[in-house]
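Just below is one structure, and these are the notes that go with it.
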Amino acid sequence: MIKAPAVKAIKKKVERDIYGAGSIGVFTELDRESLARRPKPGLEEHSGLEKLPATSLDKECSTSIKEMHPTTSQTELNPVTQSSTFLHQLTRHSQQRNLMAGRAVHAQIIRTGASSCTNHANGLVNLYAKCGHLPKAHSIFSAIISKDVVSWNSLITGYSQHGGLSSSRAVMQLFREMRAQDVLPNAYTLAGIFKAESSLGSCTVGRQAHALVVKMSSFGDIYVDTSMLGMYCKAGLVEDGLKVFAFMPERNTYTWSTMVSGFATRGRVEEAIKVFSLFLREKDEESDCDYVFTAVLSSLAATEYVGLGRQIHCITVKNGLLVFVALSNALVTMYSKCESLTEACKMFDSSDDRNSITWSAMVTGYSQNGESVEAVKLFSRMFSAGIKPSEYTIVGVLNACSDICYVEEGKQLHSFLLKLGFENHLFATTALVDMYAKAGCLEDARKGFNCLQERDVALWTSIISGYVQNSDNEEALLLYCGMKTEGIIPNEPTMASVLKACSSLATLELGKQVHGHTIKHGFSLEVPIGSALYNACKMFDSSDDRNSITWSAMVTGYSQNGESVEAVKLFSRMFSAGIKPSEYTIVGVLNACSDICYVEEGKQLHSFLLKLGFENHLFATTALVDMYAKAGCLEDARKGFNCLQERDVALWTSIISGYVQNSDNEEALLLYCGMKTEGIIPNEPTMASVLKACSSLATLELGKQVHGHTIKHGFSLEVPIGSALSTMYSKCGSLEDGSLVFQRTPNKDVVSWNAMISGLSHNGRGEEALELFEEMLAVGTEPDDVTFVNVISACSHKGFVERGWSYFNKMSDQFGIVPKVDHYACMVDLLSRAGQLKEAKEFIESASIDHGICLWRILLSACKNHGSCELGAYAGEKLMALGSRESSTYVLLSSIYTALGRMRDVERVWGLMRANGVSKDVGCSWITVEKQCHTFVVGDTMHPRVEEIKVLVNFVSRRMMEEGFTTMLDSSYVEEGTQLVLS
């Protein structure tokens, strides 16, 4: 491995190359006329230095000049020498962060009339930016007439090094302006962009910068590569970061620790450990390992990783790394987070070089593990030892005091916070408010809350829950309203506290509004929100004063929370009680009918909407279209859609997804084109439906166009877009693209994994599908019922009977998933493909499900393929008895009877088919050639090149017969007395 320079050395090299000796060659082309120009009266006013004594500035600057030219007086210096002197001094003072000395040079530049020189201005921008005076730096930058790349770099680097959201946004704006002025950035510009994007946790502009890195062939610059890697990891795009990491020609310990931390912060501990293991193999003996060890230890924050933590601890001892206090601190923190306090204490006690962070880690460890008394005692020891605590140490002790109601100790800590100047720190104030609120000291809690102007959701939640815990529910609700007014988005604990306040006050109306907020913000009904809403139901049942709004809220609540049957029942009660429903009530019930396919009830509601005059209301029509589409009544859905002239994205999405769900994918794509023509911007559900249509039609080119639309509209690869794209590419046979989308999908959930597993399985790569399933389990993603359908299907395609049985049993035994008809169907298919037809029959007969038609049909098809006619006849008769209305059942059974020579049974089967009104599905296929889709239907002679097709088919048929293949006849009686025809 190529040895990497230390990070500090890199930074010095950057500073030297941009601002130092590397630039002096340019100075010979200085504008001599501007150098000779004398300063105008009052010029100092514009320098921002009018309050500084000019004599002292001149003296300091003169001293600096004499240091460089000891035998030359200031007046003897020629313009070029004088300019290089100024630049040297500005560079030195920038590196030393010596603002006073830098201002002296600035004043001298103004006095000599050299302020119009771009190089001087660049040096001044760099000086003020490095010293933290960004407004002054920006002011000088704005006055530069001919800005070069160094000018832009000076300010961009200053803002990016300063950090913070506002500074990072300023970097983005500067980069946009720089590109607009056609100034070509260099590697240092791009590194500044990557660093700013890291602070923002974004990659929007960073990806553009990445493209420029590729274009400029800047890969291999350790500073640029490391900054880019940090950006991707901070944004959670670890796969992209890993690609950058893999192509880096040299890596330093900071690079390795960034990659480890990138995986660790996303909860991907196994991958973090893999990178760490790779580091151990590749590291040099002289490599500084402490950063990487610290990074991997910080990822081990659960009890199941304590064993691995112990192994890493042993490696640190073996390599003599415990001399690094940061590593000792990381070990204390790791053991604490892994709930191994005994080992954390041993590590703490054995540490000779404890600093404030060491004590803070141990105090926090006690507090987080419920040992609050020990946390307070240890803090007392720390105080007695003369160790100055950090803000985080005090916060840890405050949390401990909060848990055990140590109010007096908490007040002493409050005083200590004031003494240390932390009174306006958000983190500390939140802990104080929580401590006072839990102790019932609401007045003190409110004072702490009011002292901050900028409050986050944690602080709001602490004060709201404090008032609720102390039964001041009215004030809690007022605070919640204030929180909403300030634009703070609540979290689940906030909503649970507010719902508890509504329950205590029996304020149903406000409770309904809060319920709406929980839905708006996408919170699930898991504890604690579910239990709070349960109390709302009890309030409704006990209320004597119910009006239309009360009923509507409850109906909608049932519908939105998956209790569709209850919603319909409650609406029936409402109707019987003579309460007139609003449009929104009916929409809520329509959504419920849609979910459970209550078509007749939905039609009655449609009539009711017409009676009430809501037929042209967008909200109601969208619900109607959705209900009819999900029920398969596409004609009624289209009528509702067509009756409106002004349609929004929700209505378009309902009709498009309806056609996709009913397998009319061509019409869905035509509707999507119509939507685009009308200028309606699609949303994520729209794009997911359109991608599903492309998947079903296997139209790769169109799928790629739709993928382009998702990028154009700024949709991320989160669910549902990521999984829909992965499925589309996989079904269209482009597994590489599907895999690439999957790898780039951040925060993969079970849907994302299912899409990729299914794609691999259906493309004949069953072993890879099963490997991916095992990887899914390894990273902690819980499988669902769809996962096991895909996994057993993969086993079926590869003939892995034993593994299929293992997964089928594991599904219920290990994961508690009750097998559904799809799982039984996959198992029957698995056994049938393996030729175990008897076992498949026994499995079907022992299955505890009602949908036997599907299973017997699979066995019937397998019997035909394997030539097991007797068992096939048995399966076919079972299907007849179960009332199967699938034409394929009759066709397959008649074929089997034909093979057995039982022609009377053949006639009987086709007689049953006619009597039951079952018609044979017409075969259809299509192919896209040169961007034109050609569709072929059995019996269709309308294709413009039908004669050429006939000639080719006859030629292929003859060649097949010459090679010994025979045509398989299928006994399809079109009407009584007809002959056998080719299917």
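The values are calculated or read from the model by the stated rules, or taken from the named source; none is laboratory data. Only a predicted model underlies this, so the values are computations on that prediction, with no experimental measurement involved. Every residue, glycine among them, receives a Cβ derived from its backbone with ideal geometry; neighbour counts consider all protein chains shown.
Mind listing whichever residues of region 845-857 are touching a helix residue (DSSP H, G or I) at 6+ places or on another chain (Cβ under 7 Å) and surrounded by fewer than 22 Cβ atoms within 10 Å (Cβ to Cβ)?
A847, I849, H851, G852, I853, C854
Residue check, T189 against (1) hydroxyl-bearing (S, T, Y); (2) in a helix (DSSP H, G or I); (3) out of contact with any Asp or Glu (no Cβ under 9 Å at 6 or more places or on another chain); (4) at pLDDT below 85, all met but one. Which one?
In the conditions (1) hydroxyl-bearing (S, T, Y); (2) in a helix (DSSP H, G or I); (3) out of contact with any Asp or Glu (no Cβ under 9 Å at 6 or more places or on another chain); (4) at pLDDT below 85, T189 misses (4) alone.
Would you check which residues across region 739-783 are in contact with a Leu (Cβ under 8 Å, 6 or more places away or on another chain) and aromatic (F, W, Y) and list them?
Within region 739-783, just W753 meets the criteria.
Within region 322-340, how many residues turn out to be surrounded by fewer than 19 Cβ atoms within 10 Å (Cβ to Cβ), within 36 Å of the chain's Cα centre (by Cα) and part of a helix (DSSP H, G or I)?
Going through region 322-340 one residue at a time, the tally reaches 2.
Please indicate, with yes or no, whether at least one residue in region 277-294 is among the aliphatic types (A, V, I, L, M), at pLDDT below 75 and not in a helix (DSSP H, G or I).
No.
Each row is one residue, and each column tells you yes or no for (1) surrounded by fewer than 18 Cβ atoms within 10 Å (Cβ to Cβ); (2) in contact with a His (Cβ under 7 Å, 6 or more places away or on another chain).
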| site | (1), (2) |
| --- | --- |
| C795 | no, no |
| Q814 | yes, no |
| Y824 | no, no |
| G835 | yes, yes |
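Restricting attention to region 223-235, does a residue exist that is touching a Gly at 6+ places or on another chain (Cβ under 6 Å) and either without any contact (Cβ under 8 Å) to a residue 12 or more places away in the chain or surrounded by fewer than 22 Cβ atoms within 10 Å (Cβ to Cβ) (or both)?
Yes, there is a match, as at least one residue in region 223-235 is touching a Gly at 6+ places or on another chain (Cβ under 6 Å) and either without any contact (Cβ under 8 Å) to a residue 12 or more places away in the chain or surrounded by fewer than 22 Cβ atoms within 10 Å (Cβ to Cβ) (or both).
With the structure loaded, tell me whether G708 is on the phi > 0 side of the Ramachandran plot and either out of contact with any Cys (no Cβ under 7 Å at 6 or more places or on another chain) or surrounded by fewer than 22 Cβ atoms within 10 Å (Cβ to Cβ) (or both) or whether it fails that test.
no
Given E678, E666, E718, E684, which one is without any contact (Cβ under 8 Å) to a residue 60 or more places away in the chain, farther than 21 Å from D626 by Cα and not aliphatic (A, V, I, L, M)?
The match here is E718.
Taking Q513 as meeting all but one of (1) farther than 24 Å from L378 by Cβ; (2) of a type outside the set (F, W, Y); (3) crowded, with 21+ Cβ neighbours inside 10 Å, write down the number of the exception.
(3)
Residues checked against (1) buried (at least 16 other Cβ atoms within 10 Å of the Cβ); (2) under 22 Å from the mean Cα position of the chain (by Cα):
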residue	(1), (2)
S654	yes, no
Y659	yes, no
G679	no, no
M687	yes, yes
K712	no, yes
S723	yes, yes
C732	yes, no
G738	yes, yes
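D785: within 30 Å of R268 (Cβ to Cβ) and exposed (fewer than 14 other Cβ atoms within 10 Å of the Cβ), yes or no?
In short, no.
Among the helices (runs of 4 or more DSSP H) contained in region 579-662, which hold 1 or more residues that are closer than 22 Å to E684 by Cα?
Where helices (runs of 4 or more DSSP H) fall fully within region 579-662 and carry at least 1 residues being closer than 22 Å to E684 by Cα, they are 583-596, 618-630, 634-642, 649-661.
Taking the conditions exactly as written (among the hydroxyl-bearing types (S, T, Y), free of Cβ contacts under 8 Å to residues at least 12 places away in the same chain and within 26 Å of A755 (Cβ to Cβ)), does S793 satisfy them or not?
Against the criterion (among the hydroxyl-bearing types (S, T, Y), free of Cβ contacts under 8 Å to residues at least 12 places away in the same chain and within 26 Å of A755 (Cβ to Cβ)), S793 does not qualify.
Give me a count of the residues in region 349-374 that are assigned to a helix (DSSP H, G or I) and either basic (K, R) or closer than 15 Å to G309 by Cβ (or both).
Residues meeting the conditions: 2.
Return the residues of region 151-173 that are buried (at least 22 other Cβ atoms within 10 Å of the Cβ) and either hydrophobic (A, V, I, L, M, F, W, C) or in contact with a Pro (Cβ under 9 Å, 6 or more places away or on another chain) (or both); say none if nothing qualifies.
W152, N153, L155, I156, V171
Quick one: which of F422, F427 is modelled with pLDDT under 85 and part of a loop (DSSP other than H, G, I, E, B)?
Every option except F422 fails the conditions.
Taking Y305 as the residue in question, decide whether it is modelled with pLDDT of 80 or more, among the hydroxyl-bearing types (S, T, Y) and closer than 24 Å to E270 by Cβ.
Against the criterion (modelled with pLDDT of 80 or more, among the hydroxyl-bearing types (S, T, Y) and closer than 24 Å to E270 by Cβ), Y305 does not qualify.
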